[in-house]
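Asker: Dropping a structure here in structure tokens format, bear with me for questions.
The values are calculated or read from the model by the stated rules, or taken from the named source; none is laboratory data. Being a predicted model, the structure only gives us computed values, none of them experimental. Neighbour counts run over all protein chains shown; Cβ positions are idealised from the backbone, glycine included. Note: accessible area is taken over every heavy atom of the protein model, side chains too, but ligands, DNA and RNA are not part of it. Shrake-Rupley method; radii C 1.70, N 1.55, O 1.52, S 1.80 Å.
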Amino acid sequence: MAKITITKLLIFILICFFNQTLSAQVKGKLYDSDKKILASTPVYLQNGQSVITNQNGEFEFKNVLDGTYTISVQIQEQLIQVQSFYKNSEFLNLGEIAIPKNFELGEIIIAKPLLNNGIERMPEIRDNIIYATKKNEVVKLNNSTANLAQNNSRQIFAKVPGIHVWESDGSGVQMGIAARGLSPNRMWEFNTRQNGYDISSDPFGYPEAYYTPSVESLDRIEIIRGAASIQFGPQFGGMVNYIKKKSIANKKIGVESTQTLGTYGLFSSFNAVGGSIGKWNYYANINYRRSDGWRQNNAYNTWNGFVNIGYKLNSRMNIALELTRMDQLVQQPGGLNDSMFAIDPKSSSRSRNWFELKWTIPALNFDYRINADNNLNVKIFGLRGERNSIGFLNAINLPDTINKTTGQYQARRIDVDNYKNWGSEVRYLRHFQLFNQKQSLSLGMRYFEGETKRWRNTNGNSGSNYDLSVSNENRSLDLIFKTKNTALFAEQLLNFNQRLSATIGFRYEMLNNTAEGLFAPNQRIGEKSSSRNFLLGGLGIQYKTTANTQVYFNATQAYRPVLFSDITPASTTDSIDVNLVDARGYNIDLGYRGNFSNWLNFDVSAFYLFYGNRIGTYTINGKNFRTNIGNSISKGIESYIEVSPTNLFNYSKLGNLNVYASISLLDARYTEWNIPDMSKSLKDKKVENAPSEIYRIGINYRYRYFSTGFQFSMVGSSYSDANNTEKANAAATTGIIPSYNVIDWTFQYSYRWKYNINGGINNLMDKAYFTRRAGGYPGPGLLPAEGRTAYLGIGIKF
């Protein structure tokens, strides 16, 4: 009898817990300026809640805490802030909200705008994906004063704490970013996407992101930290998703053009057209960018184009076709040794090294809002890509000179990759009621096939220009890599009451990699295959302390499979551990984020990353042996705080002032060394390319149509190898990477949202520094970052 009583009591307490403040509602109805009902339209609250309007244009939010909110409406991928309100009762009816039918993005001004900081967070659910409980950032680009013409990563990601940038590519096409002690090498520790689909060479076989879209063509960049493994993939770094603009204006035709000139022969021409005609919407852009380069022998030419054509089948179904194309040719100046860098960072001793990229990405997107509680999304995508390079790649302390006997340079090495991929992802989102609370379940499936053909010929021509002709056809490497991947994933968002919620999810991966061909002269391998299945899980919790602040926690498993390069010897002197296993680990985040009124925005968190069975190489008996060398742990603090003193004191007659600080403190070390030769133990050594502190502090001022800002960046020193070598070797491939600091200045003048002038000076104090030491492309040697450069752009929208 006592057991029955206790059970009933627990059930009663649970029901009361789930049914707190159920009547706290906010309602409204959406129209356009012609009084046409806006049905099946996503509506978002600032606290992360989201709903979709019914066939009558009506929306309703439940369990809304008292406080100040901004309501936003999604129109062609844009979140448009349309109204602010204060809720202090159990029920609030906003009445009819009219959305202008034709508007320039940015024209809609709400009564009490929030801090305009260029950084936001994802809502709890968007595009059938659950973001609740996860650490994330959204970099908004439509009002950014960063140097977008050159894809300047240091400025673009300034307000994302902990982002470590490799600044060795002045063209901006290959972003190199990472966080938490992971490698920034072409973002290969991130799952890299555009509009939600893959753009890297091969996410599992060769996950390097050679392609980066023109930032001027983007609406935003979404960054999900290590918790991305459930919804997107198992990568340790998380996910970076570039979201393209889908419209210039919500009218039949809109045109956007920006022309930028800069020092060292910089010229960038960005041009776009877009709009809506009946049930059709379209957007297309083309960007040409060239420069002679800050360093000698560093000229580049880049073409980057994108087309999106969408059709609204009915009020609930949309289909869109996309095509992306990028062509780039870069002259690579090679690396320097430390003495050369100290004398002249601009110098180059390599004039015959070239790098070419050709990237084509078709995609199809289908959205079906079955009803207010059921949504389906299907993506089908492909890739045809080429990565070609030719150059003299000997150590930088060996000069590239003309042979006195032959009167010619030495033969150059040619490396060619051809990528052919396709894949599909299906996502289904269902809302349902449980204990009188709205619950959400996300289900998905992914299929991917990829093929990489790679060959190398050390007998390339001895010329100086870009030319892939060879003196003989004897290849030293000729391989075919293939990947097949199927994944099933699910995540449940549980809302216990208006404050507390949790996410529980899993991802099941089925992966097969094969490799075959010539890996060394006269040494061929038959088909070598690796198949494995693995399950990943994740748990998240968030608690809303106020209407617009919350505490969040997330723990998610991560996985890095053995790559093609890991299972194939690079030369006859290399050997591979037959028991090589995949790397496994997990990410943990605990943080507090939100905003207070319109004067403070913040996200302060602690993280812990365990990376088990890291794959690496060490020397044994004079030969390189590739194996699982050990484990590492990265832990630290990531903090972003932005304050508007003018909003705080409600004084904006002289303009608006924002001050921000983005800070990362990191301790990344090897904690276990698996190699028996303990004299070479890396235990307690710092992880390479992992600066212990990154500070980015800035101040932005806006008065009417004019805005300007200064950004100070300070990055601590790091090691370039796991042995923590202090003194650089003769080839400058190992050694310490010193700390550095950089100041950037930017400005923008906009008139009636149609005309603008933007410009700035990068590296204002002309600091000489470098962020990377490379053992191969684009070195070898240390790779200087750019010194002082300036640019000026003129833009128009109509």
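Asker: Report the local net charge at Arg475: Lys and Arg +1, Asp and Glu -1, summed over other residues whose C-beta lies under 14 Å from its C-beta.
Answerer: With Lys, Arg at +1 and Asp, Glu at -1, the net is +1.
Asker: Additional query: How many nm is it between the label spots at Arg384 and Leu764, if each spot is 7 Å from the Cα in line with the beta carbon?
Answerer: 4.8 nm
Asker: Whenever you get a sec, compute what percent of the accessible area on segment 421-565 sits on carbon and sulfur atoms (1.4 Å probe).
Answerer: 56 percent
Asker: Using a basic spin-label model with each label point 7 Å from the Cα along Cα→Cβ, how many nm lie between Leu792 and Phe596?
Answerer: Roughly 4.3 nm, to one decimal.
Asker: Going by a ≥ b ≥ c, the root eigenvalues of the Cα gyration tensor, does segment 211-312 fall in the rounded group (a/c under 1.5), the prolate group (a/b larger than b/c) or the oblate group?
Answerer: oblate
Asker: When the dipole is taken about the Cα centre of segment 404-533, and only Lys, Arg (+1) and Asp, Glu (-1) are charged at their Cβ, what size is it in debye, to the nearest 20?
Answerer: Rounded to the nearest 20 debye, it is 280 debye.
Asker: Further question: Nearest 20 debye, what's the magnitude of the dipole of the chain about its Cα centre given +1 on Lys and Arg Cβ and -1 on Asp and Glu Cβ?
Answerer: With only Lys, Arg, Asp and Glu charged at Cβ, the dipole is about 1040 debye.
Asker: Any idea what log10 I(q)/I(0) is at q = 0.12, 0.18, 0.27 Å⁻¹ for segment 417-487, Debye with uniform C-alpha scatterers and no solvent?
Answerer: -0.59, -0.83, -1.13
Asker: Which value in deg cm²/dmol, rounded to the nearest 500, describes the helix-derived mean residue ellipticity at 222 nm for the chain, given -39,500 (n - 2.57) per DSSP H run of n ≥ 4 and division by the residue count?
Answerer: Dividing the helical sum by the residues of the chain leaves -1000 deg cm²/dmol.
Asker: Given [x] 48; [y] 20; [z] 17 as candidate values of percent of Cα pairs over 49 Å apart, which corresponds to the one derived from the coordinates?
Answerer: [z]
Asker: At a 1.4 Å probe, what is the % contribution of carbon and sulfur to the accessible area of segment 241-376?
Answerer: About 62 percent, which is the carbon plus sulfur part of the accessible surface.
Asker: If I stretch the segment between Lys35 and Leu321 completely, what's the gain in nm (0.36 nm per residue apart, minus their alpha carbon distance), one decimal?
Answerer: So the chain would gain 99.9 nm between Lys35 and Leu321.
Asker: Take the cross-link list Lys27/Lys246; Lys358/Lys453; Lys159/Lys685; Lys379/Lys484; Lys134/Lys159 and give me the ones stretching past 21 Å between alpha-carbons.
Answerer: Those over the limit are Lys27/Lys246; Lys159/Lys685.
Asker: Continuing with this model, one more query. One quarter of the convex hull surface, Cα atoms only: what value does that give for segment 337-489 in nm²?
Answerer: Reported value for the Cα convex hull: 15.7 nm².
Asker: Shifting gears a bit: Provide the per residue accessible area, probe 1.4 Å, for the chain, rounded to a whole number of square angstrom.
Answerer: Here the residues of the chain average 40 Å² of exposed surface.
Asker: If you don't mind, another one. How would segment 594-751 be classified by its alpha-carbon gyration tensor: rounded, prolate or oblate, with rounded meaning a/c under 1.5 and the a/b versus b/c comparison settling the rest?
Answerer: prolate
Asker: Let me ask another. Report the calculated FRET efficiency for Arg524 and Glu672 (r = Cβ-Cβ distance, R0 = 45 Å), to the nearest 0.05.
Answerer: Efficiency, from the Cβ-Cβ distance: 0.75.
Asker: Using a cut-off of 19 Å between alpha-carbon atoms, which aspartates and glutamates can reach Lys346, once sequence neighbours fewer than 8 places away in the same chain are excluded?
Answerer: Straight-line reach from Lys346, under 19 Å: Glu167, Asp169, Asp292, Asp338, Asp400, Asp766, Glu786.
Asker: How high is the relative contact order of the chain? Use alpha-carbon pairs under 8 Å, at least six apart in sequence, and give a whole percent.
Answerer: For the chain, the relative contact order is 11 percent.
Asker: Add +1 for every Lys or Arg and -1 for every Asp or Glu among the other residues with Cβ under 13 Å from the Cβ of Arg289, and state the total.
Answerer: Value of the local net charge: -3.
Asker: Is the C-alpha gyration tensor of segment 187-240 telling us rounded, prolate or oblate? Criteria: a/c under 1.5 is rounded; beyond that, a/b larger than b/c is prolate, otherwise oblate.
Answerer: Note, shape of segment 187-240 comes out oblate.
Asker: In segment 206-361, with Lys and Arg counted as +1 and Asp and Glu as -1 at Cβ, which of these residues, Tyr211, Leu336, Val307, has the Cα nearest the positive end of the dipole, that is, farthest along it?
Answerer: Final value for the positive-end residue is Val307.
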